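Bear in mind these aren't lab numbers, they're just calculated from the coordinates by the rules spelled out. Keep in mind that this is a model prediction, so the values were computed, not measured. We place every Cβ from the backbone using ideal geometry, glycine too, and count neighbours over all the protein chains shown.
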Amino acid sequence: MPKIQRKYIDSHWLVFGVEGVVALIFGWFVLFSNSQDTTFLTATISCMLLILGLIELFNVLHREHFRSTWGFSAVIAIFELVTALALLASLSQNSAVAMIILSAYALVRGVFEILIAIRSIDDTTDRFIWLLCGICGIIFAFIVFNSGHFSPGTFVKFFGSYLMIIGLSDLIYGVHNRDQKEEDRLARSTAHKKSTPKISKSQGRLTKKK
């Protein structure tokens, strides 16, 4: 059986599931909230990023405990937390600063997700999910950087739809990741049974007599 190579994408499926639920809830709230207060909506997004960062920190501890590679997960946790703190610091400044932070976040995240898709295992579902999120992030960043006639509130609402795409993709990937782990477990179990030498009944009787 070929050795299965995965790093961050092999994180526990609950990590992706919980992150997906969090992103969906906050994205839904930001997109469909009646509030037009950009400061309030930006603070809501920063709280979501803090939660995602804390989940990734838990993922770091979990992977380190099981002797898995944890460096990339630590980078993601730091990235989420730094972005959240930067958004909180921007609340007292011009709303354009928050828009730049959000677009930079989407751009960097999009590039990372595309790189993960390129370097992930040969699975079409994995690649499609990561590529979809990465492309959506880059598109969002491009629109923000090149459209100055929209109000900040419109951009924040648009970011809510981006969060919902992330949340839905994480949920789908979490389920797919769980199925992959189950398939890997069954494949390893089958390979172990095939490699274990079988003892015939006659050999068993001779062993007992001795």
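Of note:
- Lys/Arg +1, Asp/Glu -1 at C-beta; segment 11-195 dipole; positive extreme among ALA43, ILE129, ILE100: ILE129
- Share of pairwise Cα separations in segment 11-195, more than 30 Å, in percent: 22 percent
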